[in-house]
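Colleague: Please read through the structure below; I'll follow up with questions.
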Amino acid sequence: MPNPPAAKGLKPDYVVRRTRELVTPEGVTLHLRLASAGSRAGAFTIDALIMLVTLIALTVGSIMLLGSIGHASAPLMIWLLGFFLLRNFYFTLFESGTRAATPGKRALKLRVVARDGGRLTGGAILARNLMREVEVFLPLIFLITAQAQGFSNRWLSLIGLGWTAIFVFMPLFNRDRLRAGDLIAGTWVVENERPKIAPDLLAANDRDATDAYAFTPGELEIYGQFEIQRLEDVLHRNDPDTLITVAGVIRRKIGRSDEGGNWNHDRAFLEAYYAATRLHLERRLLFGQRKRDKFDSAG
Amino acid sequence: MSTATPAFGVRHFRAEREADWQRLEALLDLVEKKSPKRLTNEDLVELPRLYRATLSALSIARETSLDASMTAYLESLSTRAYFILYGCREPLWRQIGGFFTHGWPAAVRGIFGETLLIAALFFASGLAGYFLVVSDPAWFNALVPGEMANGRDMNATADFLRKSIYDAPEKDGLEIFATVLFTHNSQVSIMAFALGFAFAVPTFFLIASNGVLLGAMYAAFMSKGLGFGFTGWLLIHGSTELLAILLAGAAGLHIGRAVAFPGQRTRMAAAGEAGRRGALVMIGVVIMLLVAGLLEGFARQLITDDFARYAIAATMFAIWTVYFSIANRHA
């Protein structure tokens with residue numbers, strides 16, 4: 001029997017393609033999910049806006065200082081050095097922190113890690129961010145000169161812009177979504193999501209109530225891991241319409257009559273069926289038989 | 001009947017361990033949101049133990065449990081703890097100390113070959129610029145942009161040129177001058193470094209064009225017999241600044257070389273190693289350019305004696321070379 005979902009595992013394709021394995025020194029494999037190009041761009045946009053706002057504040061502050069002391073040298077120096085630090089060290093400063101992420105990356109739940117899973121050194125953070133000079137500022141310079149210059153120089157600038165586009169769009173052209181900076185620093189950007197642990201459905205389950213349904217082994221054999229974990233989601237979400245629909249589908253599938261329409265009954269039925277099936281499947285898991293989904297006859 | 005259910009272990013697996021996981025999560029939150037310094041001694045002992053317990057719970061859960069929410073939670077918790085424990089960094093002040101005692105000089109020694117090559121290219125293009133202008137003074141205007149020459153061209157009088165290198169500036173504003181020089185030079189150097197990624201071709205171009213420019217300026221001053229004075233005027237900050245620019249070019253070339261010719265390593269590994277080393281050199285370059293900016297903005301304008309200028313130039317050069325070549329050799 002053909003079973004494509006089992007062959008691919010339990011996760012959708014686009015998730016598998018972005019997942020990388022990291023084996024800890026203890027020998028356990030952890031899965032890291034690389035940030036998508038979209039969230040990288042989003043994070044950068046937030047950071048660019050923060051930089052822009054900071055620059056405006058710096059400029060306004062310098063002008064106000066100039067107005068109050070009437071001497072140009074101090075405000076000008078503050079502005080020049082502030083702009084220099086902002087341009088070159090904004091990203092480095094934030095990524096050097098414990099969370100290894102700029103405000104933009106934090107907002108989109110991303111962080112920088114070393115590709116080999118080891119220590120993220122100061123040199124690596126510097127290298128990946130100094131590279132922004134050709135990825136961000138060089139195209140910007142070409143763009144501005146293309147606006148300002150005459151005809152012949154404008155074409156030259158546009159060619160330059162095209163050339164720098166190679167660096168700008170580099171993350172789109174490799175599997176690991178590496179920027180030029182990531183490439184020379186040996187880093188990559190991964191998702192940093194913190195899923196909360198949901199309440200234990202088995203602990204809340206009343207065993208006598210489950211036994212009252214008296215599910216037969218045949219009824220518990222219908223579904224596999226994939227379906228039972230979707231059922232777990234449904235129970236956690238606890239949406240009445242979905243519960244009623246799912247309860248109806250399962251009753252039909254296992255050949256029980258539909259008592260349906262009543263949300264409380266359906267919830268109780270699903271809880272009991274979930275508990276019974278999960279315990280059944282987990283018991284088989286202990287014997288080394290994993291039934292991946294309803295198509296999996298091997299388990 | 002319910003006692004007959006043989007799933008006792010599985011049911012209690014989570015209840016027995018959940019307190020540990022919550023404790024680990026609280027510790028990780030503390031480290032990430034506040035600071036690792038907030039951890040007490042007990043916490044420091046606990047953290048690795050909790051990490052290993054969670055990791056082993058993850059292994060067991062993957063093989064025995066179908067609770068997807070729990071497995072996802074354990075994996076995320078283990079990953080966070082892994083990066084805190086294995087990715088931990090030294091405190092900032094010790095990183096800075098390490099940079100000056102061994103990181104920087106070692107990085108510079110690591111790109112010695114590239115530095116020589118870039119220096120050779122720089123001086124060769126300097127000579128080319130010089131001889132081009134000597135052979136035909138019309139080249140000068142082609143090589144040196146008007147705003148940069150600022151009247152100091154082949155038609156300038158010896159008197160005008162002498163003034164340009166010995167006279168104190170009319171206006172005060174040396175500190176702004178120094179700041180502008182520092183930020184501008186640093187930006188160009190960082191650009192030269194970053195462009196190294198494009199197989200170092202733009203880096204070569206940037207270094208060569210600077211060399212030609214310098215050679216052409218030399219031709220203008222030499223033709224009026226001011227070569228000695230011009231060298232002093234240039235080198236008082238130039239021994240630091242030119243060295244910094246050569247190092248920036250060499251760091252760029254180092255990356256370009258690793259990307260183009262990775263050797264025995266994979267291209268990624270070679271590029272990563274070269275990039276991290278180059279970045280350390282670049283922080284050093286920014287520091288050197290800060291020194292050079294101060295020398296150029298203040299010392300050069302205030303010290304007009306040729307020999308004093310030469311002495312400062314030689315001292316700075318000696319400091320850099322000795323520092324780079326012998327600092328912490330055996331670490």
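The values are calculated or read from the model by the stated rules, or taken from the named source; none is laboratory data. Here the structure is a predicted model, which means the values were calculated and not measured. Cβ coordinates were reconstructed from backbone atoms using ideal geometry, including for glycine residues, and neighbour counts include every protein chain displayed.
Colleague: What is the residue count in the range A:170-229 for residues that are among the acidic types (Asp, Glu), closer than 30 Å to B:Gln22 by Cα and modelled with pLDDT of 80 or more?
Modeller: Looking only at that region, the number is 4.
Colleague: Could I ask something else about it? How many of the residues in the range A:73-122 are at the interface with another protein chain (Cβ under 9 Å from one of its Cβ atoms), farther than 26 Å from B:Arg94 by Cα and at pLDDT 90 or above?
Modeller: 2
Colleague: So, A:Arg237, is that one out of contact with any Gly (no Cβ under 6 Å at 6 or more places or on another chain) and away from chain B (no Cβ under 14 Å) or not?
Modeller: Spelling it out, it is not the case that A:Arg237 is out of contact with any Gly (no Cβ under 6 Å at 6 or more places or on another chain) and away from chain B (no Cβ under 14 Å).
Residues checked against (1) surrounded by fewer than 17 Cβ atoms within 10 Å (Cβ to Cβ); (2) touching a helix residue (DSSP H, G or I) at 6+ places or on another chain (Cβ under 6 Å); (3) under 29 Å from A:Val168 (Cα atoms); (4) in the same structural domain as A:Phe94 (by TED's automatic domain parsing):
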site	(1), (2), (3), (4)
A:Val16	yes, no, yes, no
A:Gly42	no, no, yes, yes
A:Ile63	yes, no, no, yes
A:Gly67	yes, no, no, yes
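Colleague: All but one of (1) within 30 Å of B:Ala258 (Cβ to Cβ); (2) part of a helix (DSSP H, G or I); (3) more than 11 Å from every other protein chain (Cβ to nearest Cβ) hold for A:Val189; state the number of the condition that does not hold.
Modeller: It fails just one condition, (2).
Colleague: Say we look at the range A:18-40 and pick out the residues that are part of a helix (DSSP H, G or I) and surrounded by fewer than 16 Cβ atoms within 10 Å (Cβ to Cβ); which of these is farthest from the other protein chains (Cβ to nearest Cβ)?
Modeller: A:Gly38
Colleague: Here's a follow-up. State whether the residues of the range B:129-137 include one that is modelled with pLDDT of 90 or more, outside any loop (DSSP other than H, G, I, E, B) and within 22 Å of B:Ala248 (Cα to Cα).
Modeller: yes
Colleague: Take B:Ala208 and decide whether it is surrounded by fewer than 23 Cβ atoms within 10 Å (Cβ to Cβ), of a type in the set (Gly, Ala, Ser) and within 11 Å of another protein chain (Cβ to nearest Cβ).
Modeller: Here the answer is no, as B:Ala208 does not meet what is asked.
Colleague: Looking at the range B:57-108 only, could you name the residues that are part of a helix (DSSP H, G or I), at the interface with chain A (Cβ under 8 Å from one of its Cβ atoms), of a type in the set (Gly, Ala, Ser) and surrounded by fewer than 22 Cβ atoms within 10 Å (Cβ to Cβ)?
Modeller: The answer is B:Ser59, B:Ala68, B:Ser69, B:Ala72, B:Ser76.
Colleague: Checking B:Phe197 against (1) assigned to a helix (DSSP H, G or I); (2) touching a Phe, Trp or Tyr at 6+ places or on another chain (Cβ under 8 Å), which single condition isn't satisfied?
Modeller: (1)
Colleague: Cβ contacts < 6 Å: first residue farther than 22 Å from B:Phe99 by Cα, restricted to the range B:258-278; second residue of a type outside the set (Ser, Thr, Tyr) and modelled with pLDDT of 90 or more, any location; separation 6+ or different chain. Result?
Modeller: Going by the 6 Å Cβ cut-off, the qualifying pairs are B:Ala258/B:Ala270; B:Ala258/B:Ala271; B:Ala258/B:Ala274; B:Val259/B:Ala271; B:Pro262/B:Ala270.
Colleague: Hey, among B:Ile255, B:Ile245, which residue is within 14 Å of another protein chain (Cβ to nearest Cβ), part of a helix (DSSP H, G or I) and under 14 Å from the mean Cα position of the chain (by Cα)?
Modeller: The conditions single out B:Ile255.
Colleague: Would you confirm, using the coordinates I've provided, whether A:Arg87 is under 21 Å from the mean Cα position of the chain (by Cα) and more than 30 Å from A:Leu235 (Cβ to Cβ)?
Modeller: For A:Arg87, the condition - under 21 Å from the mean Cα position of the chain (by Cα) and more than 30 Å from A:Leu235 (Cβ to Cβ) - is not met.
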